[in-house]
Amino acid sequence: MPYRIVTVTGSHRTGFGLQVEPAVSIKALAARVADTDVPVRGDTLLLLFPEGRHGRAILADFALEAWRDGDTYYCRSSPDDPEFTLVIATERGPEDLPPGTEIWLDDAAPTGGARSGGWNRIFAQFDGLPWVRVDPDADPV
């Protein structure tokens with residue numbers, strides 16, 4: 001059954017497509033879907049536009065916005081409640097993804113979520129790492 005990932009408040013172009021705002025709390029998302037219902041690159045997304053149109057897009061990326069410097073990991077979200085950034089593979093601009101658009105995982109199409117090992121495996125990877133939260137408006141370290 002398809003499930004809603006996020007409702008768009010904004011977006012901007014990157015080298016990979018449209019980066020969607022807001023980021024998605026993966027703990028909140030994982031709490032309402034099956035363990036292996038993890039959106040992964042290449043999955044089909046359903047777009048439900050505010051005026052009633054709908055469309056499809058391909059997921060370019062869904063990951064933690066983080067980086068490593070030495071033995072420390074930095075992220076813009078709280079290490080206690082990691083947020084993933086969603087990027088749609090498209091040549092279009094932000095004007096084509098208006099605020100209020102709902103993005104759903106189309107699990108009627110083949111998804112790659114089982115390849116991820118599931119949400120529990122993802123959370124286990126974060127446990128115990130030396131994380132530092134960086135202010136989202138600050139320049140990266």
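Nothing in this text is a laboratory measurement; each read-out follows from the coordinates by a stated rule. A quick note: this is a predicted structure, and the numbers were derived from the prediction, not measured. Heads up, the Cβs are rebuilt from the backbone with ideal geometry, glycines too, and the neighbour counts pull from every protein chain shown.
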Percent relative contact order for the chain, counting Cα pairs under 8 Å at least six residues apart, stands at 37 percent
Estimate the FRET efficiency between His54 and Phe126 by the formula 1/(1 + (r/R0)^6), using the beta-carbon distance for r and 41 Å for R0, to the nearest 0.05.
0.75
If you place +1 on the Cβ of every Lys and Arg and -1 on the Cβ of every Asp and Glu, how big does the dipole about the Cα centre of the chain come out, in debye to the nearest 20?
380 debye
Helix-derived mean residue ellipticity, 222 nm - over the chain, DSSP H n ≥ 4, -39500 (n - 2.57), to 500:
-2500 deg cm²/dmol
Using alpha carbon coordinates only, what is the Rg to Rh ratio of the chain, with Rh defined as the Kirkwood radius?
0.97
